[in-house]
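Quick notes on the structure that follows.
The values are calculated or read from the model by the stated rules, or taken from the named source; none is laboratory data. None of the values given here were measured: they were computed from a predicted structure. Virtual Cβ from ideal backbone geometry, glycine too; neighbours counted across all protein chains shown. Please note that ligands, DNA and RNA were not included when accessible areas were found on the heavy atoms of the full protein model with its side chains. Shrake-Rupley method; radii C 1.70, N 1.55, O 1.52, S 1.80 Å.
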Amino acid sequence: MKNVVFLLILCFTISGFSQSNYQKFKNLSSPKKWWIFFHPFKAKKALAISKEAGRVTDSIRKTSLLDGDHAGGQVDAFRHAFWMARLRQEIGESAARSLGKAHEKENYQYFKENKLEDGVLPDKASRKMDLHNNEIGLSLTRKGEKYTKNRLIYLIVNAIHQGKMLIIKKDAKKRFLTCKGNLINTKTLRGKWENNKCLVKSNEIITDK
């Protein structure tokens with residue numbers, strides 16, 4: 001075990017991370033630590049792109065381009081697609097996809113530990129949504145392809161409006177609905193990885209109050 005920890009630290013250092021970030025590394029989930037172990041020279045770029053995706057998504061959320069919903073809505077779908085598209089540009093498809101899967105494994109750990117992601121406890125529906133949207137993002141670019149940020153934003157927003165991605169069905173007040181349109185009591189969702197949330201195409205937005 002000590003040898004494994006040493007190798008992880010070594011990979012973290014080789015990839016260009018400063019020692020000041022060591023505490024952040026320690027706080028990472030085991031799936032993401034293992035991703036760094038297998039991709040030591042891509043980790044620094046991946047971290048930078050992850051931060052970029054967060055900044056761009058925060059900006060998009062403040063506009064009227066999407067629904068403003070960062071937890072299961074169009075903005076959530078945008079974040080995953082932009083993240084994967086940029087990762088594929090910089091580190092390649094395989095490494096990008098495996099990091100996306102590591103993130104979803106982390107979310108399952110969060111569920112078991114009762115930790116929230118974006119204010120909501122992760123579940124099977126959100127994982128299925130994220131993995132699907134990751135694949136759409138990966139399909140939009142190629143390694144080394146030099147799309148401008150605005151071009152990439154356009155492609156992703158357009159894909160969302162065309163219904164190519166998935167979101168979780170909600171009413172106009174952002175409350176979860178079943179596939180039949182019935183309101184889900186949030187108390188019934190607690191502690192359940194599998195539940196009756198419904199995934200719909202990313203252009204199916206309920207606007208009636």
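Odds and ends about this structure:
- Residue that is surrounded by the most Cβ atoms within 10 Å (Cβ to Cβ), among those in the range 24-67 that are of a type in the set (Gly, Ala, Ser) and in contact with a helix residue (DSSP H, G or I) (Cβ under 7 Å, 6 or more places away or on another chain): ALA43
- When residues of the range 87-121 are limited to those that are touching a Lys or Arg at 6+ places or on another chain (Cβ under 8 Å) and not in a helix (DSSP H, G or I), the one farthest from LEU189 (Cα to Cα): GLY92
- Taken over the range 195-209, the criterion of being open to solvent by less than 70 Å² (accessible area, probe 1.4 Å) and either without any contact (Cβ under 8 Å) to a residue 60 or more places away in the chain or in a helix (DSSP H, G or I) (or both) is satisfied by VAL200, ILE206.
- Among residues of the range 148-203, those that are among the hydroxyl-bearing types (Ser, Thr, Tyr) and more than 22 Å from the chain's Cα centre (by Cα), counted: 3
Here is a yes/no grid of residues against (1) in a helix (DSSP H, G or I); (2) under 28 Å from ARG175 (Cα atoms); (3) of a type in the set (Val, Ile, Thr):
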position: LYS32; (1), (2), (3): yes, no, no
position: PHE41; (1), (2), (3): no, no, no
position: LYS51; (1), (2), (3): yes, no, no
position: THR57; (1), (2), (3): yes, yes, yes
position: ILE60; (1), (2), (3): yes, yes, yes
position: SER64; (1), (2), (3): no, yes, no
position: HIS70; (1), (2), (3): no, yes, no
position: ALA77; (1), (2), (3): yes, yes, no
position: ALA85; (1), (2), (3): yes, no, no
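- Some residue of the range 106-124 being open to solvent by less than 60 Å² (accessible area, probe 1.4 Å) and at pLDDT 95 or above: no
- Looking only at residues in the range 80-94 that are open to solvent by less than 30 Å² (accessible area, probe 1.4 Å) and out of contact with any helix residue (DSSP H, G or I) (no Cβ under 7 Å at 6 or more places or on another chain), the one that is nearest to SER202 (Cα to Cα) is GLN89.
- Some residue of the range 175-194 being part of a loop (DSSP other than H, G, I, E, B), open to solvent by 30 Å² or more (accessible area, probe 1.4 Å), under 23 Å from VAL56 (Cβ atoms) and modelled with pLDDT of 90 or more: no
- Some residue of the range 140-149 being at pLDDT below 95, assigned to a helix (DSSP H, G or I) and not β-branched (Val, Ile, Thr): yes
- Residue among SER64, SER30 that is touching a residue at least 24 places away in the same chain (Cβ under 8 Å) and more than 19 Å from ALA85 (Cα to Cα): SER30
- Residue check, LYS164 within 20 Å of GLN74 (Cα to Cα) and either open to solvent by 60 Å² or more (accessible area, probe 1.4 Å) or touching a strand residue (DSSP E or B) at 6+ places or on another chain (Cβ under 6 Å) (or both): yes
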